[in-house]
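This report concerns only the one structure given below.
Read the figures in this text as sums done on the coordinates, not as results from a lab. Keep in mind that this is a model prediction, so the values were computed, not measured. So basically every Cβ, Gly included, is an ideal-geometry build from the backbone, and we count neighbours across all protein chains shown.
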Amino acid sequence: MTSYQKLKDAIEKKGSLLCVGLDSDASKIPDSFGYAPESILKFNKRIIELSSEYASAYKINFAFYEKYGWRGFKMIEETLNMIPEDIFTIADAKRGDIGNTGNQYASSVYDYFGFDSVTVAPYMGEDSVKPFLEFDSKFTFLLGLTSNVGSQDFQNLESNGKKLYENVFEISSKWGDAQNLGYVTGATKPEQLSKLREDYPDRVFLIPGVGSQGGSAEDVMKANGGKISLVNVSRSIIFAGSDEQIVEECKKYKVSLNFDSK
């Protein structure tokens with residue numbers, strides 16, 4: 001099964017576009033889980049057990065693990081082993097380098113860890129993305145229009161009569177197809193998201209920024225227009241509080257991010 005098909009199956013089974021981000025910041029994990037880095041793995045186990053009924057995908061942000069060196073990479077591996085096999089996985093590693101270096105990054109994410117997908121930065125061009133697309137059964141999310149405040153520094157600059165991010169979408173869409181190449185598109189910019197969805201209706205969007213970053217699930221769903229996407233929610237769920245509060249947040253987002261394939 002390809003990653004694209006796995007994603008479609010997961011969304012249809014759960015009836016929701018909810019992706020839970022495992023941005024497991026040790027400084028925010030309750031003391032009852034012990035001390036970092038061991039506390040992170042215990043915390044992830046709890047979050048997955050509470051949320052797997054509702055989530056179509058999990059996104060693991062490498063930054064919260066890499067800081068612990070080899071122990072962090074081991075935690076990524078062990079966290080992946082906790083995730084049910086029918087749930088889509090995203091390596092939020094934001095890779096992007098040319099030639100042999102890109103090949104090694106792609107092999108790490110796909111061959112060693114076994115993720116279904118990865119986030120990749122497009123700034124260095126096609127040859128920095130190609131190594132990931134050469135894994136035919138996997139999926140790549142290209143950073144397109146991000147949700148952070150600083151995105152305006154470059155992404156909105158005019159180039160050839162268009163915004164830079166619009167050029168990124170147009171040019172990169174020729175590198176892969178809808179079954180192996182999608183885009184990271186921020187929830188905090190629903191108007192741009194709506195236009196991009198019109199222009200690229202068959203592409204899968206990974207939409208971060210709902211919840212703590214200020215994005216609205218309602219606005220995202222309206223802008224997304226009923227297309228296959230994943231809407232990532234991290235801190236609003238994983239740091240919601242008690243087990244009951246985490247489950248309630250999952251239920252809330254599952255409903256607000258409802259997806260009907262019919």
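Applying a threshold of 24 Å to the alpha-carbon distances of Lys8/Lys251; Lys14/Lys189; Lys138/Lys227; Lys163/Lys254; Lys67/Lys252 flags Lys14/Lys189; Lys163/Lys254; Lys67/Lys252 as lying beyond it. Estimate the FRET efficiency between Val255 and Val149 by the formula 1/(1 + (r/R0)^6), using the beta-carbon distance for r and 45 Å for R0, to the nearest 0.05. Computed FRET efficiency for Val255 and Val149 comes out at 0.95.
With the highest mean first, a sort of the peptides 182-192, 122-132 on other beta-carbon atoms found within 10 angstrom per residue produces 182-192, 122-132. The aspartates and glutamates within cross-link reach of Lys162, meaning a Cα-to-Cα straight distance under 13 Å and a gap of 8 or more places when in the same chain, are Glu170.
Here the spin labels are modelled as points 7 Å beyond Cα on the Cα-Cβ line, and at Glu38 and Glu66 they lie 2.7 nm apart. The charge dipole of the chain, taken about the Cα centre with unit charges on the Cβ atoms of Lys, Arg (+1) and Asp, Glu (-1), comes to about 220 debye, rounded to the nearest 20. Each residue, Glu170 and Ala121, gets one label point 7 Å from its Cα in the Cβ direction; the gap between the two is 2.4 nm. Here is what passes the span test in the chain: the DSSP H helices with alpha carbon length of 15 Å or more along the helix axis and a Kyte-Doolittle mean of -0.5 or above are 38-51, 70-82. When the charge dipole of the chain is built from unit charges on Cβ atoms (+1 for Lys and Arg, -1 for Asp and Glu) and taken about the Cα centre, the candidate among Ser108, Tyr183, Gly209 whose Cα reaches farthest toward its positive end is Gly209. When the trypsin sites (Lys or Arg not before Pro) in region 44-110 are filtered for DSSP coil states and for at most 15 other beta-carbon atoms within 10 Å of their beta-carbon, the remaining sites are Lys67. Estimated from the Cβ-Cβ distance and a Förster radius of 51 angstrom, the FRET efficiency linking Asp177 and Glu244 is about 0.75.
The label-point distance for Glu198 and Asn103, in a model that sets each label 7 Å from Cα toward Cβ, rounds to 4.4 nm.
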